[in-house]
Amino acid sequence: MRCGLLGEKLGHSYSPELHAFFGNYDYELFEVPPDQLGDFIRARDFQGLNVTIPYKTTMLAICDDLTEAAAAIGSVNTVVKQLDGSLLGDNTDAAGFEGMVWKSRMRILGRKCLVLGSGGASLSVQYVLRKLGAGEIVVISRTGEDNYTNLDRHRDASILVNTTPVGMYPNTAASPVDLREFPQCEGVLDLIYNPARTALLQQAEALGIPCLGGLYMLAEQARCAAQIFTGEVIPAIRTKEAYRALSRRKENRILIGMPGCGKSTVGQALAQRLDRPFVDCDQELERILEMPVGEYITHYGEEAFRAQETALLTQLGKASGLVIATGGGCVTRPENYPHLHQNGAIIFLERELSKLPKKGRPLSLRGSLQDMYTIRLPMYRRFADITVANDGPAETVAQTVEEAYEHFSD
């Protein structure tokens, strides 16, 4: 059985990995430009499709038949080729978003909900919000009565849902709104799943607003689609299992700590344990700068080096499934935190100061190691999700890091 995801640009998609959890069928990415969509559909060289941007409403008119849900919502994200070759359009986004709401434990009943975006995903979100008894639903689009220039009219919104691609990989620094404009906001849901924590979600975290990204929705709608493709019942517990497994597989493990605390050694052991790529930031910077870090700092100064380091972390933070050993001073720039946090769990690797080597570490030689530690310790703690002592063999510490991560991610 040949299935897949239909969209215009799909380089970021996790769907093939998700569908591997749910069914024994081929699942491909069908990246089709608008001028070739007609030919793709006429060829009918598939048994089942998921549909994403920008074709969810387009498929509404293309399908020969629609399920009650798809017709009511006005959007199609799942298509099956029936025995006679006709196409049946369905919608599993609604079930996915409803699962996301229950996962978040946010209260919708009676709340004013602001939905950012008016495309196919927005239609599914609105359908579920109505079903759950939202008090008022306001759709914000680029044009129309309610748009991004008059958001002040809705400062009393309780729930905010982003259905736009703003903030999606690779443009992860963008955010559709500033949450400080909504002082009564009780919850933020972002349908984007790559990065795991968009700029919007990171601002929600900083403001203490409960929030959730779109990976759980993706997993639940994939389970529902797989049931349609295969005709088999797939228990709902499989969504939780798929979500947990995929989020752990994709999340970077990022090691921070003092120079010489063992980030590279433990990082390599952790990468081998997890069977994933390892990146040593200082080594990568030396490759980029074409000179040793110490020599670069001597010639151009620490500030110039930190700017180069931030540029590297900006790119590495967008990746998924890495083990990253950072430079000891990356925490001195607060702007590095969102880059690392968007797709990563940050682990502070502690080690006794007496065991920290100074040789080959230019900044460690400039003054008291104790003074450096005193200054940086609060910074390490602000960045860190997990703290682990490096007090044993690298393989043992790597195991401790991953056990601590599993507890953290639960």
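Of the peptides 196-204, 344-352, the ranking by mean beta-carbon count within 10 Å, highest at the top, reads 196-204, 344-352.
What is the local net charge at Thr78, summed over the other residues whose Cβ is closer than 14 Å to its Cβ (Lys, Arg +1; Asp, Glu -1)? List each step's numbers first, then the result.
Working: positive: Lys56, Lys81, Arg223; negative: Asp65, Glu68, Asp90, Asp93, Glu220.
Once all neighbours under 14 Å are counted, the net charge is -2.
Extension gain for Ser409 to Asp385 (0.36 nm times residue separation, less C-alpha to C-alpha distance): 7.6 nm. Counting only alpha carbon atoms, the long axis of helix 263-274 and the longest principal axis of the chain meet at about 40°. Taking amide hydrogens as placed 1.01 Å from N in the peptide plane, the amide H of Leu66 sits under 5 Å from those of Gly89, each at least 5 positions away in sequence or on another chain.
Listed values for the stretch 179-186 are Karplus-derived 3J(HN,Hα) couplings in whole Hz (6.51 cos²θ - 1.76 cosθ + 1.60, θ = phi - 60°), namely 5, 5, 7, 10, x, 9, 5, 9, and x replaces Gly and Pro. Per residue, the accessible area of the stretch 97-180 comes to 49 Å², computed with a 1.4 Å probe over protein heavy atoms only.
Counting only DSSP H runs of at least 4 residues, each contributing -39500 (n - 2.57), and dividing by the residue count of the chain, the helix-based mean residue ellipticity at 222 nm comes to -12500 deg cm²/dmol. For the stretch 285-410, pairs of C-alpha atoms spaced more than 27 angstrom apart make up 21 percent of the total.
Close amide H contacts of Ala389 (hydrogens built in the peptide plane, cut-off under 5 Å, sequence separation of 5 or more or a different chain): Glu350.
I want the antiparallel fraction of DSSP beta bridges within the chain, as a percent rounded to 5.
On the way: 8 of 51 bridges.
Just about 15 percent of them are antiparallel.
The heavy atoms of Met379 offer some 40 square angstrom of accessible surface to a 1.4 angstrom probe.
Between Arg248 and Ala61, what is the FRET efficiency for a Förster distance of 41 Å, r being their Cβ-Cβ separation, to the nearest 0.05? Don't skip to the end; give the middle numbers.
Working: r = 40 Å, r/R0 = 0.98.
About 0.55, to the nearest 0.05.
Based on the alpha-carbon gyration tensor of the stretch 263-322 and its eigenvalue square roots a ≥ b ≥ c, which shape applies: rounded if a/c is under 1.5, prolate if not and a/b is larger than b/c, or oblate? It is prolate, given that a/c is not under 1.5 and a/b is the larger ratio.
What the phi angles of the stretch 155-161 give under the Karplus curve with 6.51, -1.76 and 1.60, with θ = phi - 60°, is a coupling list of 4, 8, 5, 9, 10, 10, 10 Hz, glycine and proline written as x. A 1.4 Å probe run over the stretch 236-327, with the rest of the protein chains in place, finds 44 Å² accessible per residue.
Under 1.5 on a/c is rounded, so check that first for the stretch 94-253, then, if it is not, pick prolate when a/b is larger than b/c and oblate when it is not; a ≥ b ≥ c are the square roots of the alpha carbon gyration tensor eigenvalues.
On the way: a/c = 1.83, a/b = 1.42, b/c = 1.29.
Verdict is prolate for the stretch 94-253.
Accessible surface of His12, taken over heavy atoms with a 1.4 Å probe and every protein chain present, rounds to 40 Å². Surface composition of the chain: carbon and sulfur atoms hold 49% of the protein heavy-atom accessible area at a 1.4 Å probe.
Sequentially through the stretch 337-344, phi angles give Karplus couplings (6.51, -1.76, 1.60; θ = phi - 60°) of 4, x, 5, 6, 6, 4, 10, x Hz, Gly and Pro residues having no value and appearing as x. Computing Rg and Dmax of the Cα atoms in Å directly from the structure and comparing it against (i) 23.8, 78; (ii) 22.0, 72; (iii) 24.7, 81 singles out (i). Around the amide H of Ile256, modelled in the peptide plane, lie the amide H atoms of Ile347, Phe348, Leu349, all under 5 Å away and 5 or more residues distant in sequence or on another chain. When the chain is treated as a GNM, springs tying every alpha-carbon pair under 10 Å, which of Ser15, Ser368, Ser104 comes out with the largest mean-square fluctuation? With Cα springs under 10 Å in the chain, the top fluctuation among Ser15, Ser368, Ser104 is at Ser368.
Among rounded, prolate and oblate, which fits the stretch 29-119 when a ≥ b ≥ c are the square roots of the eigenvalues of its C-alpha gyration tensor, a/c under 1.5 means rounded, and a/b larger than b/c means prolate? Before the final figure, lay out the partial values.
Values: a/c = 2.47, a/b = 1.99, b/c = 1.24.
Prolate, because a/c is 1.5 or more and a/b exceeds b/c.
The values are calculated or read from the model by the stated rules, or taken from the named source; none is laboratory data. Computed from a predicted model, the values in this text were never measured in an experiment. In this analysis, Cβ positions are derived from the backbone assuming ideal geometry, glycine residues included, and neighbour counts consider all displayed protein chains. The accessibility values were calculated without ligands, DNA or RNA, using every heavy atom of the protein model including side chains. Shrake-Rupley method; radii C 1.70, N 1.55, O 1.52, S 1.80 Å.
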